[in-house]
Amino acid sequence: MSGYEARFRVWRGDEQGGGLRDFTVEVNEGEVVLDIVHRLQATQAPDLAVRWNCKAGKCGSCSAEINGRPRLMCMTRMSVFDRAETVTITPLRAFPVIRDLVTDVSFNYEKARGIPAFVPPAELAPGEYRMFQEDVDRSQEFRKCIECFLCQDTCHVVRDHEENKRAFAGPRFLMRVAELDMHPLDAAERSGLDRKRTAQEEHGLGYCNITKCCTEVCPEGIRITDNALIPLKERAVDRKYDPLVWLGSKIRRRPS
Amino acid sequence: MPVVDRQEWDVVVVGAGGAGLRAAIEARERGARTAVICKSLFGKAHTVMAEGGIAAAMANANEHDTWQTHFRDTLRGGKFLNQWRMAELHAQEAPQRVWELETWGALFDRTKDGRISQRNFGGHEYPRLAHVGDRTGLELIRTLQQRIVALQQEDHARTGDHECELKIFQECTVTRVLKDGSRVSGVFAYDRETGRFFVLRAPAVVLATGGIGKSFKVTSNSWEYTGDGHALALLAGAPLLNMEFVQFHPTGMVWPPSVKGILVTESVRGDGGVLRNSEGRRFMFDYVPDVFKEKYAESEQEADGWYDDPEHHRRPPELLPRDEVARAINAEVKAGRGSPHGGVFLDVSTRMPAEVIRRRLPSMYHQFKELADVDITAEPMEVGPTCHYVMGGIAVDSETAAARGVPGLYAAGEVAGGMHGSNRLGGNSLSDLLVFGRRAGWHAAEYARSLARERPRVDDEQIGAASAEALRPFALGAEGGVAGATGTAGAAEAAGAVEAAGGGAENPYTLHQELQQTMNDLVGIIRRAGEMEQALSRLAKLRERAGRVGVEGHRQFNPGWHLALDLRNMLLVSECVARAARERTESRGGHTREDFPAMEREWRNVNLLCALADPAVGRIRLTRETTPPIRPDLLDLFDKEELAKYLTDEELEGGLSR
């Protein structure tokens, strides 16, 4: 396959406003969208702002919306597009624009601070931890998260509802609560911290109505809804509501 | 005088990878108010790219493992050039550093009896690497990040402020270490988002900026690896040690071109993957050097038996230290036995079931599938050497991580030299940054406390000079100094500098590409005197052109400007690499001379130090020094026959205690 000239539309601007700019740019075999953005910087738009780091799908820096879909630019190959197609790149919609493709993601760092950390078991010294693989599998799945915040961007609870941001931590950080809640040695409960209750009351778990948008955009393939959010909801229900609701949830789950 | 925001801290850590975060945690826990400055977002550092694991002699997988064995492997890997006291501390303290990560919430893969699982890696006698699949670096960075957040939560509960004791300045770049006389007094930095300058005043600065790989064209390193800490130290008056030693990881992706250099983890070989040439031959059997002959298998049968029964078989030669494997691949390709895209074949598909590959090497499966359309469970990968790590770095004290000659300056992780000698073993990087990150944070905090009553002062003249230096590229850009100088003064100085430099603005992207090509072609994996001469003269021209680099636009999140400023660092560091490489007339570890192919015992105890001869013109002065003799009880860990391959007869006679 030889190189070709592709048409791109890239959003340029800042918090004051901006718009899509048209570019025609060379594309070569095997390239990803981030390669093309770099070529634009080197040849046509040296001050085009973009965040990136590892260019290997491991750091979660180069998140953007490509033809309207939240994706990592470094893991989106040009071969998925028709050559005649115009590729449109816009910044993440759920977060305020700083410049061009760079958004202010501080919302996520604030939410991270709101989740109480792992509580080490007091009776175990470093080196004495014993956990079995099958017991850490689930939390390990959640720790694959590269914090690209695509799930936070796509989640309809906050995507077009700025007013929900205060009360809702978003899929990434609800998954963090689930990860700690399922950690075999987390001593939160003994220290008086009920993670299931706080998920519901402080981090807005109830806002989630399991549409699975977060799971669909996760570049790590983490089953956020099925493995983190739904089980957390069930555990929260177990804990919080009256015995009838608890019983109801159990009965519904029985195979018919 | 420019108006620049100033803040007071006790310890400033530059870099938020594993070493920087571990240093910050330690400094804060010892009571120092600590600021961390990093170029990327918090949690995105290059450490996330580490795949294989953390080397630590916990003896979970093999009860015979001890710190002494780990020390021995480390010295063998580094060809005995290691700063031996660092290697000793590293081997002794690594298990504690891993275990403490569990108390902060890390979840490593487990053994059957519930302890931390450990895997095999090149150059390690026993399975020693604590790991999480092939995303260990991510686990490490996330754990340290979450530990920092936990400390901030404690501070918030006590004071109502998350950032009063420990603050992360993310997406900011330090361009100068400031000094008061000989002592450190703070750093000058800019915020990448706004372009605004600021000064953090602090008696102690820990450099933890990682490596220099972005000076090379084919590299596994991210954009951040522009040698900032190396250059900051040089400019502050501290010397760099043994910069000629650059590790080319044997297995980077070679196809398609846009991913060339991206790492293929050594775990692929540790877990059973083999290297073959175009004739289908497992060529590594032909490349076992004399010093390792007794330790490695001679037949495929013996090698394959090792995975299940290591007591009665020798190791497969695919697991030789990285420098040996990289040179072997290079030689095979040169001899015309390479793969279609100029690498060799790395195969796991015929070695284990598809299901096992997907479980043990999930990132690699994903990476090849997504980026190269290759299903590694069904066909071999194509791989070739890629610039991966610099063993050389800031010369430091083994115990305290203090940089030589500049009180208040500390360095840890890849930016520090000495620990790995001439070649680093896989897995020793993550343990290095934990062990010495902690030591740097600890001693920086103590030093800062000792100066509580006489804190070094920040000099306004240095701030003015740093501002002017940072603004220069705008004065030469297409839109001139007007846009660039908005917000702060300094335009006049910048414009003056432009006139002095003479017209014709240079494009920073073009200069960077030329630099990468120069280092790749002329100071790469195999080196020759003539080519290094050529490299030095090209670097001199590039440096001169870099003085005329110009950028467009304004200071808000402007990547062209950021690159223009990083160029200074890459050029300085590249010159150190080229000068040291020309000086060392032998081949050892990550330094291979075609014109001097043998390892020479006379060079074993020689360190090469690069310092700035004249800060005004940026010339590098190179000096030799003899390293202190290895302590006799440490030498006793080796057979005399083995030592004789490395040490001179005089050293041997004087050194052994028995």
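Only the coordinates and a few stated rules stand behind these numbers; no lab work does. These numbers come from a predicted model, not from an experiment. For neighbour counting, all protein chains shown are included, and Cβ atoms are generated from backbone atoms with ideal geometry for every residue, glycine included.
What is the set of long-range amide H partners of B:THR219 at a cut-off below 5 Å, with H atoms built 1.01 Å from backbone N? When sequence neighbours closer than 5 places are left aside, the close amide H contacts are B:CYS387.
Along chain B, the longest continuous region that contains none of the GluC sites (Glu not before Pro) in a DSSP loop with at most 10 other C-beta atoms within 10 Å is B:64-278.
Derived from the Cα gyration tensor, the three semi-axes of the equivalent ellipsoid of segment B:15-97 are 28, 15, 14 Å, largest first. Sorted fewest first by neighbouring Cβ atoms within 10 angstrom, B:LEU536, B:LEU319 come out as B:LEU536, B:LEU319. Computed from backbone phi with θ = phi - 60° and the Karplus coefficients 6.51, -1.76 and 1.60, the 3J(HN,Hα) list for segment B:63-79 is 5, 7, 5, 9, 5, 5, 5, 5, 4, 4, 4, 5, 5, 4, x, x, 6 Hz; x is used for glycine and proline. For chain B, the relative contact order comes to 20 percent (Cα pairs under 8 Å, sequence separation of at least 6). Here the Karplus relation 6.51 cos²θ - 1.76 cosθ + 1.60, evaluated at θ = phi - 60°, turns the backbone of segment B:638-650 into coupling constants of 10, 6, 4, 4, 5, 4, 4, 6, 10, 9, 6, 4, 4 Hz, with x for every Gly and Pro.
Sorting B:341-352, B:13-24 by their mean Cβ neighbour count within 10 Å, with the most densely packed peptide first, gives B:13-24, B:341-352. Pairing the Cα long axis of helix B:491-501 with the longest principal axis of chain B, what angle in degrees results, from 0 to 90 and rounded to the nearest 10? The helix B:491-501 is inclined about 60 degrees to chain B. Would you mind checking segment B:87-116 for residues with the amide N under 18 Å from a putative spin-label position 7 Å along Cα→C-beta of B:GLU399? Residues B:87-93 qualify, since their backbone N sits under 18 Å from the label point. With all pairs of different C-alpha atoms in the average, the Kirkwood value for the hydrodynamic radius of segment B:510-571 is 12.6 Å. Around the amide H of B:VAL549, modelled in the peptide plane, lie the amide H atoms of B:GLU506, all under 5 Å away and 5 or more residues distant in sequence or on another chain.
Peptide A:123-134 has a mean of 5 when you count, residue by residue, the C-beta atoms of other protein chains within 10 Å of its C-beta. Please work out whether segment B:246-380 counts as rounded, prolate or oblate from its C-alpha gyration tensor, where a ≥ b ≥ c are the square roots of the eigenvalues and a/c under 1.5 means rounded, while otherwise a/b larger than b/c means prolate and anything else oblate? It comes out oblate by the Cα gyration axes.
What do you get for the angle between helix B:18-29 and the principal long axis of chain B? Use alpha-carbon atoms, 0 to 90 degrees, nearest ten. Between the helix axis and the principal axis of chain B, the angle is about 60 degrees.
Evaluating kT/(6 pi eta Rh) at 20 °C and 1.002 mPa s, with the Kirkwood radius of segment A:4-103 over Cα pairs in the Stokes-Einstein relation, gives 159 µm² s⁻¹. The fraction of Cα-Cα pairs per 5 angstrom bin, counted from 0 for segment B:564-658, comes to 2, 11, 17, 17, 15, 13, 10, 6, 5, 2, 0, 0 percent, rounded to whole percents.
Remark on the protein assembly as shown: A:CYS62, A:CYS74, A:CYS145, A:CYS148, A:CYS155, A:CYS208, A:CYS213, A:CYS218, B:CYS38, B:CYS164, B:CYS172, B:CYS387 stand apart, with no other cysteine beta carbon under 4.7 Å. Ellipticity at 222 nm from helices only: DSSP H runs of n ≥ 4 in the protein assembly as shown, each -39500 (n - 2.57), divided by the residue count, give -11000 deg cm²/dmol. How large is the translational diffusion coefficient of segment B:522-624 in µm² per second when you combine the Kirkwood radius over alpha carbon pairs with Stokes-Einstein at 20 °C and 1.002 mPa s? D, rounded to a whole number, is 139 µm²/s.
With a Förster radius of 51 Å applied to the beta-carbon distance between B:THR194 and B:ASP595, the computed FRET efficiency rounds to 0.50. Label reach from A:THR24 (point 7 Å along Cα→C-beta): in segment A:72-87, amide nitrogens under 17 Å belong to A:83-87. Less than 5 angstrom separates the built amide H of B:LEU612 from those of B:ARG621, all sequence-distant by 5 or more or on a different chain. The overall shape of segment B:119-220 is oblate: from the C-alpha gyration tensor, with semi-axes ordered a ≥ b ≥ c, the ratio a/c is 1.5 or greater and a/b is no larger than b/c.
Inter-chain Cβ neighbour count for B:641-648, averaged per residue, equals 0 (cutoff 10 Å, partner chain atoms only). Can you return the aspartates and glutamates within cross-link range of B:LYS541? Criterion is Cα-Cα under 20 Å, with same-chain partners fewer than 8 residues away left out. Within reach: B:GLU469, B:GLU499, B:GLU506, B:GLU514, B:ASP521, B:GLU531, B:GLU533, B:ASP566, B:GLU575, B:ASP614. With Cα atoms as the point set, the radius of gyration and Dmax of segment A:106-253 evaluate to 15.6, 47 Å.
Measuring spread by the Cα atoms of chain B yields a radius of gyration and Dmax of 24.2, 74 Å. The orientation-averaged projection of the convex hull spanning the C-alpha atoms of chain A amounts to 18.1 square nanometres. Distance between the 7 Å Cα→Cβ label points at B:LYS112 and A:ARG130: 1.5 nm. Per residue, the average separation of C-alpha pairs within less than 8 Å and at least 6 apart gives segment A:106-253 a relative contact order of 27 percent. For the residues of A:142-149, the average number of beta carbons from a partner chain within 10 Å of their own beta carbon is 5. Stokes-Einstein diffusion for segment A:36-172, with the hydrodynamic radius set to the Kirkwood value over Cα pairs and evaluated at 4 °C in a medium of 1.567 mPa s, equals 74 µm²/s.
Rounded to whole numbers, the Karplus 3J(HN,Hα) couplings from phi for segment B:307-323 are 4, 9, 9, x, 5, 10, 9, 8, 6, x, x, 4, 9, 5, x, 4, 4 Hz, using 6.51 cos²θ - 1.76 cosθ + 1.60 with θ = phi - 60°, and x at Gly and Pro. Loop-located GluC sites (Glu not before Pro) across segment A:9-115 with a Cβ neighbour count of 12 or fewer within 10 Å are A:GLU15, A:GLU85, with loop assigned by DSSP. For the protein assembly as shown, pairs of C-alpha atoms spaced more than 52 angstrom apart make up 12 percent of the total.
When B:SER299, B:SER429, B:SER258 are arranged by Cβ crowding within 10 Å, least crowded first, meaning fewest neighbours, the order is B:SER299, B:SER258, B:SER429.
Cross-linked pairs A:LYS55/B:LYS167; B:LYS295/B:LYS334; A:LYS111/B:LYS217: Cα-Cα separations exceed 32 Å for A:LYS111/B:LYS217.
Of all aspartates and glutamates in the structure, those lying under 15 Å Cα to Cα from A:LYS233, and not within fewer than 8 positions of it along the same chain, are A:GLU179, A:ASP181, A:ASP194, A:GLU201, A:GLU202, A:ASP242. Angle of helix B:529-546 to the longest C-alpha principal axis of chain B, folded into 0 to 90 degrees and rounded to 10: 30°. In plain terms, the residue of B:HIS131, B:HIS366 with the fewest other Cβ atoms within 10 Å comes first and the most crowded comes last, giving B:HIS366, B:HIS131.
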